[in-house]
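Following: one structure in structure tokens, then a few remarks.
The values are calculated or read from the model by the stated rules, or taken from the named source; none is laboratory data. Here the structure is a predicted model, which means the values were calculated and not measured. Glycine also receives a Cβ, built like all others from the backbone with ideal geometry; neighbour counts cover every protein chain displayed. Heads up: the accessible areas ignore ligands, DNA and RNA and are worked out on the full protein's heavy atoms, side chains in. Shrake-Rupley method; radii C 1.70, N 1.55, O 1.52, S 1.80 Å.
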Amino acid sequence: MTKKQPEQQILHDNKKIIPFLSIIIPGSSQIIFKKPWRGFSIFIFLLISGYLVYWGFEKFEISKVQLNENNFIPWLILPLFLFYAWNIFDAFQISKNKKSPAIIAILSVMVILYTIGWSVTGVKLERLVTRFTDAKSVMNKLVNPDFFSTTINGKIEICSWGCLWDYSVAKINGSETTEVFLSSNVGQIFGQKGTVTASSWAVLFGKATKNQRIPGFETGKIIETIAIGLLATLFSTVLAVPVSFLAAHNIMKRIPGGSVVYYIVRTFLNIVRAIDTVVWGLIIIVWVGLGSFAGVIALTIHSIAALGKLFSEEIEHIDAGPVEAIEATGGNFYQIIRYAVIPQVIPSFLSYTLLRWDINMRSATVIGFVAGGGIGFFVLETIRMGGYQQYAAALWAIAVVIILVDYISSKWRFNILKDQPKFVEKKSTWKKVRNIIYVILAIIVFLYCWEITKIDLSKLFDPGPTFGRLLKDFISIDLTGKVIDNVLRELIITTMQAFLATTLGGILAIPFSFLAAKNLTGKSKFSSWIFYLVRSLFNILRSIEALLYVAIFVYWVGIGPFAGMLALAITTFALMGKLFSEAIENIDSGPIEAVSATGANKLQAIVYSVVPQIVPPFLSYLIYQWDINIRMATIIGFAGGGGIGLMLSTFFGSLQYHKAGTVIVAIVIIIAVMDFSSAKIREKFI
Amino acid sequence: MLKIENLCKTYPNGTQALNGVSFEVEEGEFLAVIGLSGSGKSTLLRCINRLIEPTSGKIIWNDLDITAATGKEIRFIRRQIGMIFQQFNLVKRSSVSTNVLSGRLGYVPTIPSLFHVFSKDDHERVKKTLDMVGLADKIDVRADSLSGGQQQRVGIARALMQEPKMILADEPVASLDPVLAHSILKYLEKLNKDYGMTVICSLHFLDLVHRYATRAIALNEGRLVFEGLPKEIDDAQFKHIYGKEAERIEII
């Protein structure tokens, strides 16, 4: 305390002068007044918004107004100035121990961000209306997927729901009708008879020669996708376990030089994790060529990093007591890990693996966009040929698979995390037999997946012709002015896409989430119908990756960042809707009762008792979604959604690897910065 | 005989947990360590088996310099010293038998132990030890399905698997209710009297010290403030150990 006295004295004596510092350096006097968080935010946001206003005006003439004959200025300097003025006002208020309304600052920053974002992502809301007829035809096709066909006048036509209905009615009545059969599209998605490359088993048993085309069963694209997701999860879990021990500080500090290894591995994991699976796909195809194998590798690499981080944090959070106890018995390093660490982390490792399986299945549906395997590749083909009904069939298949995976994964996770001690009885013979059957089944599934994803480990040691150049160019990335300029532009667009999608999708989700919360919808028949309807809408929309939505919006509003932003907004809407409604269901019901007891109506009860309880979880989920969206925005361009992804795929396509390297470094930096700041914000407010 | 000479421990954050502590423990003694929370009891016990590195000072045990031991030697020493903890420190998800078996880790070769391969003798020993602490029927259940008192008995069984010459007990009964406290301490007393093991046990309650210990030492802010027989702790000594504000509370 004695040390602080003179400091306090200085602060007190200069109370009148310090606020003036904020005129020169915004936020500085707030920092001196012991509000470092506030001061720092003011400084950073003023810097960013100032730069954005300048940048937008220079590059895109955003908010240009004529001052006189040959002088133009952006009107956005008005909110900027307002923010600056507020900062000075705030400094004086603090010196008088008064509060100033932060809403002014927030609003002016929002005006700037929205105006710039609106402009650079090419938001043209009127298109949503003017081109609605186009959208209607897409929607019509989406609800009439190509599953069944029939022959009309000798030509094969898609048989939609109406046609199916007529057919079934005719069948039941026993009247004559044209035959309806499964479309060839279904065969491609789920599998069909055809010619296939001889499997390695056939080669092994001498039934065929290598690469011979023989009649057989063609694997469906969705089956291939499932195989990619399963294998990537298996491989990444097996590899992430040892990695996670290297990235756990409480383990590594026990061995000499371990702390150095820890910092290296942690940094490495963070970099690998910042690059999206799809971007990894781009790199991997240069190495092993197009195909499911590339997809498996890309997913595996990203998952190792993601799981490695989660696992290592789990290791760091174990109960240290057993470690101490095993150490006290004279156990060595390995025995401590085996007997004190591993038993503790098994449930959480399993649960994270299941969660990752869910994520990997979703990634597997889009990895084909670049890597050429699985349903993503099929979707890309249908879009290129304008086959929206085939595209729709693929989306429905994906939705069913992902919803199933999501359900299984969350059920298992729930059971694992309960982790109740089981009272072991003597295992019955039937149980032993059953376990053996499970193991055999698992091995068969594994071998089947290995076969259909065409895993060829020898390819790993025989990289493609340009892979050496890629490695070389990635080290000597292009940092010339023009490239940096372009990358920066795309980076701003990408960030703005994520920002608009998060805020718009999130805001749109709020009213819907109230309809999907069981404790608010009540128990009447009508409201429970609404509940199920909205919940299902969330679940179906959520099962499709943003990248797959882009095609719809490209058709609707045209190629570009706006389409990508809308695709992100849809997935945001779906996930936020689900999480928000669960947050509402988890609130304490006491206050609702209390407010209702005062005679308030339903809406009043919501405003006064529900809203205050859900603001913190809502904000926390929005930040979480922001982290997801900024990653997704970097790849949305692969499907025509604008942003940095388009640039990246162009650079890869034209073999300009050193420029691609620049883009990747930029992505890693922006994601690292955003992750760091959202973690800080979370710490501060939630 | 255990000889502690001028033991000091300063933590990286500057806390001085032990400040020149010296005392001796004869073989076969039941030594109680008393003092307020944060007086350095836990640090002292953990310095004896080097779970915590002392900053300076010496610990000599039967002419063996514990403070000078390295790597393998430390583990060799540790396996002869059983330790019992306030929070039991069992691996909750592992079975009772695995928890007890882990007491043998200092004796068995590394590679087989990593695959949970233990000798027949070790498995027999688990049964015998669990029988001794009255938990023979619990051998296959998970540790977290046991009550607190039972978990501490598993902790004792684990320590006994080490065939220890000395037992360090860090507040072994502080997480248990008084009735269970006596039952646990009776086990320690039995080990001390019947098997001649030296027991060094930190305790909170004076009546437990009077009842079980053959000798006591007291710590206050890292310094040794008392050394002698339990009955010598009168009201004046008590105030000296625990501070002026303290009052004696009797439990059953």
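Anything in the stretch A:265-324 that is aromatic (F, W, Y) and in contact with an Asp or Glu (Cβ under 7 Å, 6 or more places away or on another chain)? List them, or say none. A:F293, the sole residue that qualifies. Inspection of the stretch A:1-15 finds no residue satisfying the criterion of being under 34 Å from the mean Cα position of the chain (by Cα) and of a type outside the set (F, W, Y). Restricting to the stretch B:21-80, give me the number of residues that are open to solvent by 70 Å² or more (accessible area, probe 1.4 Å) and of a type outside the set (D, E, K, R). Number of matching residues: 8. Considering the stretch A:387-483, the qualifying helices (runs of 4 or more DSSP H), each wholly inside and each with 2 or more residues that are more than 29 Å from the chain's Cα centre (by Cα) and at pLDDT 85 or above, run over A:429-452, A:467-475. Scanning the stretch B:11-62 for residues that are in contact with a Cys (Cβ under 9 Å, 6 or more places away or on another chain) and polar (S, T, N, Q) turns up B:Q16, B:N19, B:T55, B:S56. Just one residue in the set B:S113, B:S147, B:S102 is of a type outside the set (A, V, I, L, M), facing chain A (nearest Cβ under 9 Å) and free of Cβ contacts under 8 Å to residues at least 24 places away in the same chain; that residue is B:S113. Could you pull out the residue among A:I681, A:I630 that is in the same structural domain as A:P561 (by TED's automatic domain parsing) and either surrounded by 20 or more Cβ atoms within 10 Å (Cβ to Cβ) or in contact with a Ser or Thr (Cβ under 8 Å, 6 or more places away or on another chain) (or both)? None of the others qualify; the one that does is A:I630.
The set of residues in the stretch A:676-686 being under 23 Å from A:I275 (Cα atoms) and either within 16 Å of the chain's Cα centre (by Cα) or free of Cβ contacts under 8 Å to residues at least 24 places away in the same chain (or both) consists of A:F676, A:S677, A:S678, A:A679, A:K680. Would you confirm whether or not the stretch A:321-343 contains a residue that is in the same structural domain as A:L380 (by TED's automatic domain parsing), closer than 30 Å to A:L648 by Cα and of a type in the set (S, T, N, Q)? No, the stretch A:321-343 has no match at all. None of A:L515, A:L471, A:L520, A:L504 is open to solvent by less than 40 Å² (accessible area, probe 1.4 Å) and not aromatic (F, W, Y) except A:L520. Annotation: of all residues in the stretch A:143-175 being over 20 Å from A:I189 (Cβ atoms) and surrounded by 13 or more Cβ atoms within 10 Å (Cβ to Cβ), the one that is farthest from the chain's Cα centre (by Cα) is A:A170. Of note, A:S348 satisfies the criterion of being touching a residue at least 24 places away in the same chain (Cβ under 8 Å), within 12 Å of chain B (Cβ to nearest Cβ) and of a type outside the set (V, I, T). Checking the structure you have, find out if any residue of the stretch A:501-511 is touching a Gly at 6+ places or on another chain (Cβ under 6 Å) and either in a helix (DSSP H, G or I) or within 24 Å of A:Y114 (Cα to Cα) (or both). Yes, the stretch A:501-511 has at least one match.
Selection of the stretch B:124-144 for residues being in contact (Cβ under 8 Å) with a residue 24 or more places away in the chain and loosely packed, with under 14 Cβ neighbours inside 10 Å yields only B:D140. Scanning the stretch B:116-131 for residues that are out of contact with any Lys or Arg (no Cβ under 9 Å at 6 or more places or on another chain) and either under 22 Å from B:N49 (Cα atoms) or away from chain A (no Cβ under 13 Å) (or both) returns B:K120, B:D121, B:H123, B:E124, B:K127, B:K128, B:D131. With respect to A:F553, is the statement that it is surrounded by 21 or more Cβ atoms within 10 Å (Cβ to Cβ) and within 21 Å of A:G117 (Cβ to Cβ) true? The answer is yes for A:F553.
Pairing residues of the stretch A:302-328 that are closer than 22 Å to A:W357 by Cβ with residues that are at pLDDT 95 or above and charged (D, E, K, R), at Cβ distances under 7 Å and at least 6 apart in sequence or on separate chains, gives A:S303/A:R356; A:A306/A:R356; A:L307/A:R356.
Across the stretch B:223-242, the qualifying residues are those that are among the aliphatic types (A, V, I, L, M) and assigned to a helix (DSSP H, G or I), and the one among them that is farthest from B:I4 (Cα to Cα) is B:A236. Do you know which residues across the stretch A:657-675 are open to solvent by less than 60 Å² (accessible area, probe 1.4 Å) and either without any contact (Cβ under 8 Å) to a residue 12 or more places away in the chain or of a type in the set (S, T, N, Q) (or both)? Within the stretch A:657-675, just A:T662 meets the criteria. Would the stretch A:436-453 turn up any residue that is under 30 Å from A:M647 (Cα atoms) and in contact (Cβ under 8 Å) with a residue 40 or more places away in the chain? Taking every residue of the stretch A:436-453 in turn, at least one turns out to be under 30 Å from A:M647 (Cα atoms) and in contact (Cβ under 8 Å) with a residue 40 or more places away in the chain.
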